[in-house]
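To keep things clear, I will list the structure first and then write my remarks on it.
The values are calculated or read from the model by the stated rules, or taken from the named source; none is laboratory data. Note that the structure is a prediction, hence the values are computed from the model and not measured. Every residue, glycine as well, gets a Cβ built from its backbone with ideal geometry; the counts of neighbours run over all protein chains shown. Accessible surface is based on the protein model in full, side chains and every heavy atom, while ligands, DNA and RNA are left aside. Shrake-Rupley method; radii C 1.70, N 1.55, O 1.52, S 1.80 Å.
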Amino acid sequence: MLYTPPPRDPNAPPVRVNLLSDTQTRPTPAMREAMARAEVGDEQIGDDPTVNLLCERVADLLGKEAAVFMPSGTMCNVAATLVHCRPGDEILAHESAHLIAREGGAHAALGGLQITPLPGADGQFSPDTLRKALHPRTRYQPPQTLLSVEQTANIGGGTIWKKGVLEELVRIAKAAGLATHMDGARLLNACVATGISARAMAEGWDSAWIDFSKGLGAPIGGVLAGSRAFIDEVWRWKQRLGGSMRQAGICAAACVFALDHHVDRLAEDHANARALARGLLQIAGLKVQEPETNLVFFTPDGAGIPGNKMVTELRKRGVLLAMMDGRIRACTHLDVTAAMVEETVSHVREIIRAG
Ligand SMILES: Cc1ncc(COP(=O)(O)O)c(C=O)c1O
């Protein structure tokens, strides 16, 4: 299984340290206040002022003409591929991409699309790998119409695609007639970690989106951006998929609040992730991937404990995290403090000591 949280145990203590995912963040009291005060209207007919403000802000942030508010990041990906591609088309993406294994087969089921998985370390493929995967347009092969990358690469360890590599990928894709899509579920983590603006990161990518329900701490929502013509087509799919909303300004207000208050603080999550990795590295036998952002992947097998046993034992001590693709993933976010990180490291040490 791709994603394995610990088994539910009615006798387990309450979760005190929640490292399961940055989707676990709870809206803060100030965010809830902003939601309560939101001016609202009918989003489906374009009349919600707070949604409109959010879309303008994200379009500007990503350097695109227009943007649309979606209930989830998954719907941003699905609507984008449905607009960029036609049935029978081929998408190129990394083999660990969310698009491939975590969206319920939506791209095949709804769009008749196939996704070619590209190999590469840490969730990233090289420009050369992309070049080799391209084929000429013949009557035999599926038309290759879209290149997709995840910034940051989730299962790759929250790694950051370098700006120069992103630029080269765009050049190669464009020369081959492909459109380009950036899954920016954690794009702002990459921006805060590197100091490179979101506009620069997304430059040249035909569509890009950011998720508000992860490290940014909002309860719901992603915003997908692109050219005005692209967004008009996305709106058709949003309607078809049942993603058009009504007084969605309540949720958009949380996202606007997050843009104002929760972007720079992502640096704290990155510092906590580094501290967690440093602490874990001091425990003999643990294999830890150096975090670039807020995700820490590690395997305790070398210390004599299989990953799933470690996850179960940690849960018994009030620490929640999960196995992901054979490794343990710990995710730092708004609701995780430096003290919680220290506590987690000492639990891991004790569990290993107890065998
Ligand atoms: C890289 C990536 N893309 C897309 C998604 C989907 O986002 P959502 O959960 O908002 O549908 C996720 C969620 O974890 C993700 O990590």
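The one condition from (1) of a type in the set (A, V, I, L, M, F, W, C); (2) farther than 21 Å from Gly215 by Cα; (3) modelled with pLDDT of 95 or more; (4) within 14 Å of the ligand (Cβ to nearest atom) that Ala101 does not meet is (3). Answer yes or no as to whether Met323 is hydrophobic (A, V, I, L, M, F, W, C), at negative phi and in a helix (DSSP H, G or I). Against the criterion (hydrophobic (A, V, I, L, M, F, W, C), at negative phi and in a helix (DSSP H, G or I)), Met323 does not qualify.
Pairs are defined by a Cβ separation below 6 Å, a sequence spacing of at least 6 or placement on different chains, a first member in region 169-187 that is over 13 Å from Ser148 (Cα atoms), and a second member that is more than 16 Å from the ligand (Cβ to nearest atom); the pairs so defined are Ala176/Leu134.
Here is the figure for region 73-98: residues that are more than 11 Å from the ligand (Cβ to nearest atom), hydroxyl-bearing (Ser, Thr, Tyr) and farther than 25 Å from Lys238 by Cβ total 0. A single member of Arg32, Arg57 is assigned by TED's automatic domain parsing to the domain that holds Asp211, basic (Lys, Arg), more than 16 Å from the ligand (Cβ to nearest atom) and in a helix (DSSP H, G or I), and it is Arg57.
Each residue in region 83-102 was checked for being assigned to a helix (DSSP H, G or I) and either open to solvent by 10 Å² or more (accessible area, probe 1.4 Å) or touching a Pro at 6+ places or on another chain (Cβ under 9 Å) (or both), and 5 of them qualify.
The numbered conditions (1) touching a residue at least 12 places away in the same chain (Cβ under 8 Å); (2) in a loop (DSSP other than H, G, I, E, B) are all true for Asp47 except (1). Residues in region 126-138 that are in a loop (DSSP other than H, G, I, E, B), modelled with pLDDT of 95 or more and within 19 Å of Asp89 (Cβ to Cβ) were compared, and the one that is nearest to the ligand (Cβ to nearest atom) is Leu134.
Screening Leu276, Leu314, Leu281, Leu321 for residues that are hydrophobic (A, V, I, L, M, F, W, C), open to solvent by 10 Å² or more (accessible area, probe 1.4 Å), at pLDDT 95 or above and not assigned by TED's automatic domain parsing to the domain that holds Gly158 leaves exactly one candidate, Leu281. Looking across Asp232, Asp264, Asp260, one residue alone is under 30 Å from Val68 (Cα atoms), open to solvent by 50 Å² or more (accessible area, probe 1.4 Å) and touching a strand residue (DSSP E or B) at 6+ places or on another chain (Cβ under 9 Å). It is Asp232.
Look through Phe257, Phe297 and report the one residue that is aromatic (Phe, Trp, Tyr) and assigned by TED's automatic domain parsing to the domain that holds Met323.
Unique residue meeting the criteria: Phe297.
Of all residues in region 190-202, those that are surrounded by 17 or more Cβ atoms within 10 Å (Cβ to Cβ) and of a type outside the set (A, V, I, L, M) total 1. The C-beta contact set for region 223-242 (first residue modelled with pLDDT under 95, second residue surrounded by fewer than 22 Cβ atoms within 10 Å (Cβ to Cβ) and not in a helix (DSSP H, G or I), distance under 7 angstrom, 6+ apart or interchain) is empty. Condition test on Val40, is it assigned to a loop (DSSP other than H, G, I, E, B), touching a Gly at 6+ places or on another chain (Cβ under 6 Å) and among the β-branched types (Val, Ile, Thr)? The answer is yes for Val40. Pairs are defined by a Cβ separation below 7 Å, a sequence spacing of at least 6 or placement on different chains, a first member in region 5-16 that is over 14 Å from Ala322 (Cβ atoms), and a second member that is assigned to a loop (DSSP other than H, G, I, E, B) and small (Gly, Ala, Ser); the pairs so defined are Pro13/Gly318; Pro14/Gly318; Arg16/Gly318.
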